[in-house]
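The values are calculated or read from the model by the stated rules, or taken from the named source; none is laboratory data. All values derive from a computational prediction rather than experimental measurement. FYI the Cβ positions are ideal-geometry reconstructions off the backbone, even for glycines, and counts take in every protein chain you see. Quick note on the areas: whole protein, heavy atoms, side chains included, nothing else; ligands and nucleic acids left out. Shrake-Rupley method; radii C 1.70, N 1.55, O 1.52, S 1.80 Å.
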Amino acid sequence: MAIEASFTATEGEFPLAEVFSKFPAARIELDRVVPTNDVLIPYFWLQKGESSEIDLEGIDHPGIDDLRIVDDVDGAVFVRIDWDFEYESVLTAILETDVGLVSAVGKEGKWTFEVRGTEQRDVSDFQSYCKRHDIPVELTQLHALSPLESGQEYDLTEAQREALTLAYARGFYDSPREVTQREVADELEISRQALASRLQRGTRRLIASTLVGPSD
């Protein structure tokens, strides 16, 4: 079963984070192309934000070999980038594991990466690679690829899906646990009892939909 996962990163280790130090109001979106060998995402769009002109001079990072503006279109510049994959980053983790990059957007110093694997193990391997190489990412969403609205294939309500996903992302199901039910409930702005009910009912529906067939 194909799995999609979203990760966020707010640390400065991702090479293009250097752009925000010069253009704090900018928005960056990596241009998705099919990778060939080690050529991965060779272009990105940079929306100017409050800056009237974009000058990439002075942006220096060990993960970047070269930056060249290719075009300027309707308030955004199209930039060619040559990465240095000797520098460990999210992109290196993608190259070294079996996930593909669906999207990557940076704004106000925060990055959101969406990756896809053919099975959940691929996403787990990606997470493990990032952890081993001290690449700071945080899982925020995990779901099966489906034409149905997320959660419907397991008969989950939207509230149950949101509670389960957030609890998983924050480490509630880790051992030892990274957060308490109270902390997850506070983030959802509900009571701890309401969260416990959503987790219990949602888990029951997941088990019924995945481990226990209709004929069991």
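Just a few scattered comments:
- Index of the failed condition, I94 passing every other in (1) over 22 Å from the mean Cα position of the chain (by Cα); (2) open to solvent by less than 60 Å² (accessible area, probe 1.4 Å): (1)
- Residues of the range 157-197 that turn out to be assigned to a helix (DSSP H, G or I), of a type outside the set (D, E, K, R) and closer than 21 Å to S124 by Cβ, as a count: 6
- Residues within the range 65-91 that are open to solvent by 20 Å² or more (accessible area, probe 1.4 Å) and not acidic (D, E), tallied: 11
- Total residues in the range 18-41, condition modelled with pLDDT under 80 and closer than 24 Å to L139 by Cβ: 4
- Within the range 60-87, considering residues that are under 12 Å from E18 (Cβ atoms) and part of a strand (DSSP E or B), the one farthest from the chain's Cα centre (by Cα): L67
- Residues in the range 92-106 that are within 13 Å of F14 (Cβ to Cβ) and touching a residue at least 60 places away in the same chain (Cβ under 8 Å): L101, A104, V105, G106.
- Here the range 165-216 is the region considered, the condition is being farther than 26 Å from S128 by Cα and β-branched (V, I, T), and the residue that is modelled with the highest pLDDT is I190.
- Residue in the range 105-118 that is in a helix (DSSP H, G or I), at pLDDT 80 or above and of a type in the set (D, E) present: no
- Among the residues of the range 42-91, just one is at positive phi and modelled with pLDDT of 75 or more, namely G58.
- Selection of the range 119-128 for residues being farther than 13 Å from V90 by Cα and either open to solvent by less than 10 Å² (accessible area, probe 1.4 Å) or in a helix (DSSP H, G or I) (or both) yields Q120, R121, D122, S124.
- In the range 136-160, the residues that are on the phi > 0 side of the Ramachandran plot reach residues that are at pLDDT 65 or above and of a type in the set (S, T, Y) with C-beta atoms within less than 7 angstrom, at least six apart or across chains, in these pairs: D155/S209.
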